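Read through the structure below, which is laid out as structure tokens, and then see the notes.
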Amino acid sequence: MQIDILTLFPEMFKGPFDHSIIKRAREKSLISVELVNIRDFSRNKHRTVDDTPYGGGAGMVIGPEPIFEAADWIKSRRGGIGRFIYMTPAGDPLNQETVRALAAESHLVVLCGHYEGVDQRVRDHLVTDEISIGDYVLTGGELPAMVLVDAVARLIPGVLGETDSAGEESFSDGLLEYPHYTRPRVYRSLEVPEVLLNGHHEQIRLWRRRQSLLRTLERRPDLLAGADLTEEDRIILKQVVLDLEKLSLPEEIGKKRKKRRPETGDRSQE
Ligand code: ADE
């Protein structure tokens, strides 16, 4: 996959893209990331790319010329343009379904905005997708672009090693992931659930499924409506709800969880 990133701050990508899985994916030529500096397409001697907004108001707007010209340059280099994505808090919220769809493309262009944003003509005539990484405002589109590239890259076949499977993780089937444990079996008297130790694969599968459903019900009940539930899942869910009712906890479901204060560790600040 070819990913061309249009940015005013190409240096920002150096750290994140030169480490770990993205680095490996680039080294294995599974993805190729090109950082394109929008400023290189400025036509004026000060290399400025932004200007005050027509109609007045605060902030600066990145003009259309450098972005259209950068797009022409990319088009001639790649023989066309795939999806042209603009990172903006006004975009469609990013989710795993969108990530999966983007991972199936062979060419992405990602535009990072700054200041008050980009001239609307860019959004109307170049951009094919507007994506937000959440309902909060960052200083620019660079961090969102990194988030997007990371999420997409790890779904490209061969990028994750055999041990970092993307198959059974949160959202893979619309549910949150079940809890994981590893050695030691007992740590500071905290024990690993017994069911995981008995080697009974069917019991383990059912326990994990129940945990996944329970966690989703408690933390993200909104996901359940869109999840791919089997008949077995529905039976487990009914049982989970009955068990919670017995504990008279249903009013807690869906409420924001307060993370419990850890029982161990440094308390010197208390
Ligand atoms: N640019 C600034 N904030 C953003 C956000 N939340 N998502 C995508 N792009 C952004």
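The values are calculated or read from the model by the stated rules, or taken from the named source; none is laboratory data. Quick caveat, the model's predicted, so the values are computed rather than measured. Don't worry about glycine lacking a Cβ; one is built from the backbone with ideal geometry, like all the others, and counts go over all protein chains shown.
Take Glu34 and tell me if it is over 21 Å from Glu130 (Cβ atoms), among the charged types (D, E, K, R) and touching a strand residue (DSSP E or B) at 6+ places or on another chain (Cβ under 6 Å). When the stated conditions are applied, Glu34 passes them. Can you confirm whether Arg39 is out of contact with any Phe, Trp or Tyr (no Cβ under 6 Å at 6 or more places or on another chain), within 23 Å of Ser76 (Cα to Cα) and touching a residue at least 12 places away in the same chain (Cβ under 8 Å)? So Arg39 fits the description; yes.
When Gly174 is tested against (1) assigned by TED's automatic domain parsing to the domain that holds Ser32; (2) modelled with pLDDT under 95, just one condition goes unmet, and that condition is (1).
Scanning region 96-130 for residues that are within 13 Å of the ligand (Cβ to nearest atom), in contact (Cβ under 8 Å) with a residue 60 or more places away in the chain and surrounded by fewer than 18 Cβ atoms within 10 Å (Cβ to Cβ) yields Tyr115, Glu116. Looking at the structure I just gave you, is Ile67 at pLDDT 95 or above and not in a helix (DSSP H, G or I)? Spelling it out, it is not the case that Ile67 is at pLDDT 95 or above and not in a helix (DSSP H, G or I).
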